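Working notes for the structure below.
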Amino acid sequence: MLLGMTASHAAWLHDDADVMGTRITVELFHPDASVAQQGVDAVIAEMHRIDNNMSPWIETSELARLNRDAAEKPVTVSREFFDLIERSLSFSRMTDGAFDITFASVGFLYDYREGVRPDDRQRQQAAALINYLNLQLDDTDRTIHYSKPGVRIDLGGIAKGHAVDRSIELLQSLGIEQALVTAGGDSRTVGERWGRPWNIGVRHPDDADKLVAVIPLQDVAVSTSGDYQRYFDEDGVRYHHIINPDSGDSARGLRSVTIIGPDATTTDALSTSVFVLGLKKGMDLVNRLPGIDAILVDAHGRLHYSNELLPAKKPDDSVKATTESVTH
Ligand code: AMP
Ligand code: MG
């Protein structure tokens, strides 16, 4: 029996669910097992709520409504949605347009599961519509207007981080002080796990069972973007889900980008951004931003660490992904 644990192990809960086309993991502790269960349920419900609002595949989502109507007229959206779009635009400005939710003007022409991609002409035509300046926001009316027909947005590069942050807020409001919430490649931790930091493993780009780094974390967020998450290979070229807004083609040069920072919305947007920016520009950006660290895996499988990063524990080959708290 551990000190302070009235309900024995019952108060440490772990749950997984598939939401937002991705795997959700919640692990948390509360001395009262019923509060712990409430926390798990609240996180899963929150993930579903955000998916219903921000999925491009759900016709009734705010996002789908915008893509249908906003080129014709300004569309009023919820405060939460408006704020996330504004936050996306601030990352566009910070990254010189590497992060751009209007990437979807081209993105919808790809189907990674079916191996479908636009031909060069289609891609170039649609890429001309990618520009975050094509989004006009009016804060007083909370409206969004697309300045050109054909413009589309997708929040796939930031919504999971937002969902993780909202989930952590919900847990904290329930008085839960030790938790890990993960949505796909985006995680955030609060407090400790059994008196020790949480471990996040960064997987090898070509082998899901092998880790290239393990990072002990406490009260921070971590996001990983990789070219192995949604992709197909054709004639030796990988087409994957992170799009360079300049070309409308997949961003190439890095294999994976892991960002560590204060909140998951920031780390989610920055992992996608740095992937697009590439090794030099991406690392320069990270090293300029206070409180942000990065581990990059380049095309040769080499690791690159940002200046401030505390030495990450490098596992030997015997370390398996399954021994860690969570793997990205
Ligand atoms: P992540 O796994 O967080 O890197 O997010 C990848 C997702 O971000 C993709 O599946 C797209 O939905 C979206 N995305 C792709 N390219 C961009 C881009 N240049 N800017 C913003 N979002 C993007
Ligand atoms: Mg991201």
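The values are calculated or read from the model by the stated rules, or taken from the named source; none is laboratory data. Keep in mind that this is a model prediction, so the values were computed, not measured. With ideal geometry, Cβ positions are generated from the backbone for all residues, glycine too; neighbour counts draw on all protein chains shown.
If you check residue 239 against the conditions, is it of a type in the set (Phe, Trp, Tyr), in contact (Cβ under 8 Å) with a residue 40 or more places away in the chain and over 18 Å from residue 23 (Cα atoms)? When the stated conditions are applied, residue 239 passes them. Scan the stretch 147-161 for residues that are more than 8 Å from ligand 1 (Cβ to nearest atom) and part of a loop (DSSP other than H, G, I, E, B) and the total you get is 7. Annotation note: Cβ proximity below 7 Å between a residue of the stretch 266-288 that is surrounded by fewer than 18 Cβ atoms within 10 Å (Cβ to Cβ) and a residue that is of a type in the set (A, V, I, L, M) (sequence gap 6+ or interchain) occurs for 279/254; 279/296.
For residue 176, the test of being farther than 23 Å from residue 70 by Cα, of a type outside the set (Gly, Ala, Ser) and in a loop (DSSP other than H, G, I, E, B) is passed. Of the residues making up the stretch 70-96, those that are part of a loop (DSSP other than H, G, I, E, B) and surrounded by fewer than 21 Cβ atoms within 10 Å (Cβ to Cβ) are 71, 72, 73, 74, 78, 96.
Once the stretch 218-239 is narrowed to residues that are in a strand (DSSP E or B) and within 13 Å of ligand 2 (Cβ to nearest atom), the residue that is surrounded by the most Cβ atoms within 10 Å (Cβ to Cβ) is 223. Of all residues in the stretch 242-252, those satisfying the criterion of being crowded, with 17+ Cβ neighbours inside 10 Å and touching a helix residue (DSSP H, G or I) at 6+ places or on another chain (Cβ under 8 Å) are 242, 243, 244, 245, 248, 249, 251. Is one or more of the residues making up the stretch 167-176 buried (at least 19 other Cβ atoms within 10 Å of the Cβ) and more than 21 Å from the chain's Cα centre (by Cα)? Scanning the stretch 167-176, I find at least one residue that is buried (at least 19 other Cβ atoms within 10 Å of the Cβ) and more than 21 Å from the chain's Cα centre (by Cα), so the answer is yes. Within the set 46, 27, the sole residue that is touching a Lys or Arg at 6+ places or on another chain (Cβ under 7 Å), within 19 Å of residue 326 (Cβ to Cβ) and in the same structural domain as residue 190 (by TED's automatic domain parsing) turns out to be 46. Set side by side, the residues 202, 181, 164 differ, and just one is within 16 Å of ligand 1 (Cβ to nearest atom), under 30 Å from residue 69 (Cβ atoms) and assigned by TED's automatic domain parsing to the domain that holds residue 243, which is 164. Scanning the stretch 216-240 for residues that are under 18 Å from residue 202 (Cβ atoms) and touching an Asp or Glu at 6+ places or on another chain (Cβ under 9 Å) yields 218, 220, 221, 222, 223, 224, 225, 228, 240. Checking each residue in the stretch 125-140 for being assigned to a strand (DSSP E or B) and surrounded by 15 or more Cβ atoms within 10 Å (Cβ to Cβ) picks out 135, 137.
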